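The values are calculated or read from the model by the stated rules, or taken from the named source; none is laboratory data. Only a predicted model underlies this, so the values are computations on that prediction, with no experimental measurement involved. Glycine also receives a Cβ, built like all others from the backbone with ideal geometry; neighbour counts cover every protein chain displayed. Side chains included, ligands, DNA and RNA excluded: accessible areas come from the protein's heavy atoms. Shrake-Rupley method; radii C 1.70, N 1.55, O 1.52, S 1.80 Å.
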Amino acid sequence: MKLNSAPSAANTQDNQRYLLWVALTTLVLFVGIAVTAALSLRQSDTVEAAARLQADSVTALAFQTEREFLRFRHELRVALISSEEADWPEVLLRFDILASRVSLLRNNPTTLKIQDRPEYQVALPALESLIQRLDPLLDTPFEHRVQLSALFLEMVDMGPDMQALTFAANSVVTRLVDQQVAVVRQQNRMIGWLVVVQVVVIAAAAAGLFNRHQRLQREQKALQQLNHELIAARDAAQTADRAKSHFLANMSHELRTPFNGLLGMMDLLHDSDLSVTQRDQLMTARSSAQHLLALLNDILDMSAIDAGRLRIRPECCDMPSLVHQVSQLLQADAHARGIALTLTPYTASPRLGLLDPTRVRQILLNLIGNAIKFTPGGEVDVNLEATDVHGQIHWTITIRDTGAGMDEQTVSQLFQRFHQADNSAARRYGGTGLGLEISRNLSRMMGGDITVVSAPGVGSVFTVMLVSPACDHPTESSTAPSAVIDSHASLGAAVILVAEDHPVNRKLVGLLLEKMGCIALYAENGLEACALASSETVDLILMDLHMPDMDGLDATRRIRQMPGSRGQVPIIALTADVLEDTRQAAFMAGMNDFLLKPVQQADLRAAMQRCLQAHAFVTHQPNPRRSGK
């Protein structure tokens, strides 16, 4: 009973508060209406005052014109009866003022009210005619005294007309003011009736709100219950999402760590002396391992997209070179399948755009690779076009194949997750159906999209559209593929500290460094890495991030606090953690580069060369380990 009575008491209090709110609101509205009525009366007074002010302006204009007429006539009379030394400049001044007043009578919206009066129609033309005749005479008044005397007499005759104009302005304005006041009073009566209607409507609305409140109380209970259920569902979904992200991060690390050893050892074994049968078996195993790694990458990318954590890292890249490099990488696969892979030469401009070259390669490798895989015979053509639209480059990459093609239903489902063009294709060619969805999402993140046109028996045309700002100088890493390095450049027997807790990965990295002619020191956790970095002279550190006792981030921060050159040693992150936050944390901790496991020998060499060159490493600098002492 207590559990039921508490909500009932709460609802009663809510009802009382609501009724109080309605009463206060109604009171405030009544007060507001009263104030509105008072203000409307005040408004009428203000409008009347404004009308009178406007009337005064018309009357003042006519009066001032008459006054200036009389003053000019007086000054002209004085000058005419004086000697040659008369004050003609004063006459000219009065004439100019009179001319300006006459001009205002003609070109002033205020005078529209009196322009239809006969007094205005008689006085204004006479004044304008007088001004026109006086103007040339006053240039040399000494020579035109006779003409000026005649015009003076004419001005004497015009006096009554000027006085009539002033009286007419007063009469018209008085009539207009009376009309405006009558309109304002009529509007005030209408406002009063509207106020009464509003009072009635508000009273009815208050009654309606009171009745409606009773129904809303019942609905509110149901909504509160639903809200509690939705909150619980949201919390459960967020908990599940965090658990999924944590699980994927852990699985990524745990799966990539053995993959690093697996693929690395296969690469080393591939460089050794093998029989034809052994080499074929090794390539089969290596292909299967790479397929598993590609599957893992797709799942992680899809998870990052769903969570909104996938980031685009734009660089200024040479798009024609990038498309050419991807095509060259897939030429061997196309040739092995008996397919002609052609790239239409791009010789136009622009060439440079601010894009993420890694993600562009991922899109092209997926689409061109699919075109090759699903084309039993024939050709695959790749074409690049670009248009500069006000500093924004619109890139269009077309991949055309002569494969089996698809019907409309298949095309409509093509970008759905885990969808295959047909069920047999999944068994025949393999694949998860994630690549196209990932590619389209990446394209949209770069301001574009992917479209497809296909017909059975004709083939398919995939069109990648990307939008990027223009840029001036390509970033070196954005145009050169990761496998293209100076393989002849020596690392000069550099001393490399390897901080890695996994024994297989330590062994693999040691073998790779040995092939490069480097000397390796090993640490199994961050504490040992800090101790060796403090006691030994090393040229570069390969740092795993997830290690016991002290992780790679804390170890990097501690090393950066060391004095002198020991705190400036280049550090490369070598990790299986693919999350974007991890990359950012590594650079913020002070690392110079970032490599993902499984690492290839070419990628490792390239990163080491970049860091050593940036650190001004020289092979002849004194190092007892390098010299063998």
Open item on the list: I'd like the accessible area for Lys515, computed on protein heavy atoms only with a 1.4 Å probe and all protein chains in place. Round to 10 Å², please.
Closed with: 100
Task: DSSP-defined beta bridges in region 300-410 - what % are antiparallel, rounded to 5 - done: 75
Open item on the list: I need the peptides 496-504, 462-470 ranked by packing, meaning the mean over residues of other C-beta atoms within 10 angstrom, with the highest value on top.
Closed with: 496-504, 462-470
Open item on the list: Taking R0 as 22 Å, what FRET efficiency do you get between Ser565 and Asp271 from their Cβ-Cβ distance, rounded to the nearest 0.05?
Closed with: 0.05
Task: Most to least accessible of His390, His213 (protein chains only, probe 1.4 Å) - done: His390, His213
Open item on the list: With a 1.4 Å probe and all protein chains kept in place, how much accessible area does Thr396 have, in Å² rounded to the nearest 10?
Closed with: 40
Open item on the list: Keeping every protein chain present and rolling a 1.4 Å probe, give me the accessible area per residue for region 70-152 in Å².
Closed with: 56
Task: Highest-first arrangement of 349-357, 174-182, where packing means the average Cβ count within 10 Å - done: 349-357, 174-182
Open item on the list: Given the whole protein assembly as supplied and a 1.4 Å probe, what does the accessible area of Ile312 come to in Å², nearest 10?
Closed with: 50
TODO: Go through Tyr522, Tyr120 and list them by solvent-accessible area, largest first, probe radius 1.4 Å.
DONE: Tyr522, Tyr120
